[in-house]
1. List every residue pair whose Cβ atoms lie under 9 Å apart, where the two residues are 6 or more positions apart in sequence or sit on different chains, the first residue falls within the range 45-64 and is within 17 Å of Thr170 (Cα to Cα) and assigned by TED's automatic domain parsing to the domain that holds Lys253, and the second residue, located anywhere, is more than 16 Å from the ligand (Cβ to nearest atom) and of a type in the set (S, T, N, Q).
2. Which residues, counting only those in the range 62-73, are in contact with a Leu (Cβ under 7 Å, 6 or more places away or on another chain) and part of a helix (DSSP H, G or I)?
3. Please go through (1) aliphatic (A, V, I, L, M); (2) free of Cβ contacts under 8 Å to residues at least 40 places away in the same chain; (3) away from the ligand (no atom under 16 Å from the Cβ); (4) in contact with a strand residue (DSSP E or B) (Cβ under 9 Å, 6 or more places away or on another chain) for Val209 and return the number of the only condition it doesn't satisfy.
4. Just the residues that are touching a Ser or Thr at 6+ places or on another chain (Cβ under 7 Å), outside any loop (DSSP other than H, G, I, E, B) and within 9 Å of the ligand (Cβ to nearest atom), please, taken from the range 234-250.
5. As an exercise: evaluate Ala184 against (1) in a loop (DSSP other than H, G, I, E, B); (2) surrounded by fewer than 23 Cβ atoms within 10 Å (Cβ to Cβ); (3) modelled with pLDDT under 70; (4) at negative phi and give the number of the one condition it does not meet.
6. From the list Ala312, Ala228, Ala277, which one is loosely packed, with under 14 Cβ neighbours inside 10 Å and outside the structural domain of Ser165 (by TED's automatic domain parsing)?
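The values are calculated or read from the model by the stated rules, or taken from the named source; none is laboratory data. If you're wondering where the values come from, they're calculated on a predicted model, not measured in any experiment. We place every Cβ from the backbone using ideal geometry, glycine too, and count neighbours over all the protein chains shown.
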Amino acid sequence: MKPLRRDAPLSEVLERAQAADPRAVARLVSLVEDDSPHLPEIAAALAPHTGRAQILGLTGSPGVGKSTSTSMLVKAFREQGKRVGVLAVDPSSPFSGGALLGDRVRMQDHATDSGVFIRSMASRGHLGGLSWATPQAVRVLDAAGCDLVLVETVGVGQAEVDVASLADTTVVLLAPGMGDGIQAAKAGILEIADIFVVNKADRDGADQVVRDLNGMLRLGGRHSEAGAWRPEIVSTVASTGKGIPDVLEAIEKHRTWMAGGELARRRQRRAAAEIEAIAVKTLRARMGDLHGSKALDTLAAEVVAGEQDPYAAADKLIAGIGASSP
Ligand code: GDP
């Protein structure tokens with residue numbers, strides 16, 4: 001295939017992305033990140049080709065070994081002949097595209113493998129963070145024929161919850177010596193983890209993290225209901241690859257369990273969240289357009305004059321936005 005030209009029309013980019021041309025895939029992910037006005041057209045073209053990829057979320061505090069584990073997992077999936085997409089999302093970073101995220105150097109092992117697509121994404125100060133952009137980037141990789149899309153998220157808190165809502169299976173990484181036992185309870189990650197990986201099992205304290213996790217799981221939560229999934233706990237030494245086959249086994253076990261109905265439910269929830277995020281973004285954009293508009297000025301004057309209250313005025317404004325929808 002000839003290299004993708006800079007000025008190639010969108011139709012060609014879409015066609016090539018579906019044929020897994022890495023440059024075309026990268027171009028589409030960039031368009032997502034840049035919030036291109038062509039996104040609705042791109043989404044419409046990709047939609048019939050999506051829904052096939054298994055989406056794996058991987059999250060944990062900085063330094064626990066996410067990028068090392070990702071690299072090892074990619075290697076293992078490649079050995080199974082799977083095509084893999086990796087999206088490394090850093091909600092706190094202003095950098096993206098080719099920027100280094102964590103220690104991405106290890107990922108160079110896969111740089112020349114055409115069966116692996118790796119990309120980092122940053123929120124770049126988007127309103128609402130990456131809640132709308134990440135799922136769209138996942139769609140691009142899915143449509144490009146990735147069997148597996150691994151979404152790696154840095155940080156704690158909301159980002160972890162976001163990754164969980166995106167993924168079919170959420171893997172939470174912990175490591176000894178990082179106060180993670182306590183952090184786990186705080187950040188609510190017990191609720192989002194389908195699989196816990198206690199990495200750096202070569203270090204003192206790893207057994208204690210496993211015991212703490214088991215203790216916390218015994219305390220209850222969503223997983224203690226009848227028929228619920230009880231999170232697996234796996235120990236690894238990502239730097240040597242020890243335990244990685246156990247992670248794969250746990251992922252496969254979860255996938256089998258999900259096939260009993262939970263996968264469909266999760267995907268339904270995910271699509272709902274996706275629509276909501278896009279709708280909120282669209283509304284925000286239209287509200288932005290309204291700022292200083294005649295409609296808003298008129299309503300403001302009426303509120304100042306006491307002719308109507310701000311709640312009623314806000315309702316009218318929203319109704320006006322709805323009416324102006326395409
Ligand atoms: P990330 O910030 O979560 O992506 O973590 P990295 O994958 O960059 O790993 C952070 C550091 O921990 C690096 O220096 C790794 O070489 C090291 N590391 C990763 N896994 C292990 C492990 O299992 N044992 C030990 N001792 N070090 C590890």
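1. Pairs found: Gln54/Thr169; Ile55/Thr169; Leu56/Thr169; Gly57/Ser165; Gly57/Thr169.
2. Taking the range 62-73 as the starting set, the residues that turn out to be in contact with a Leu (Cβ under 7 Å, 6 or more places away or on another chain) are 64-66, 69-70, 73.
Scanning the range 62-73 gives Lys66, Ser69, Thr70, Leu73.
3. It fails just one condition, (3).
4. Once the filter is applied, which keeps residues that are touching a Ser or Thr at 6+ places or on another chain (Cβ under 7 Å), outside any loop (DSSP other than H, G, I, E, B) and within 9 Å of the ligand (Cβ to nearest atom), the range 234-250 yields only Lys242.
5. Condition not satisfied by Ala184: (1).
6. Working: Ala228 fails: outside the structural domain of Ser165 (by TED's automatic domain parsing); Ala277 fails: loosely packed, with under 14 Cβ neighbours inside 10 Å.
Being loosely packed, with under 14 Cβ neighbours inside 10 Å and outside the structural domain of Ser165 (by TED's automatic domain parsing) holds for just one of Ala312, Ala228, Ala277, which is Ala312.
A quick yes/no check of all residues on (1) at pLDDT below 80; (2) farther than 22 Å from Ile275 by Cα; (3) crowded, with 20+ Cβ neighbours inside 10 Å; (4) in the same structural domain as Gly63 (by TED's automatic domain parsing):
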{"site": "Arg119", "(1), (2), (3), (4)": "no, yes, yes, yes"}
{"site": "Ala122", "(1), (2), (3), (4)": "yes, no, yes, yes"}
{"site": "His126", "(1), (2), (3), (4)": "yes, no, no, yes"}
{"site": "Asp142", "(1), (2), (3), (4)": "no, no, yes, yes"}
{"site": "Leu148", "(1), (2), (3), (4)": "no, yes, yes, yes"}
{"site": "Glu152", "(1), (2), (3), (4)": "no, yes, yes, yes"}
{"site": "Ala167", "(1), (2), (3), (4)": "no, no, yes, yes"}
{"site": "Thr170", "(1), (2), (3), (4)": "no, no, yes, yes"}
{"site": "Pro176", "(1), (2), (3), (4)": "no, yes, yes, yes"}
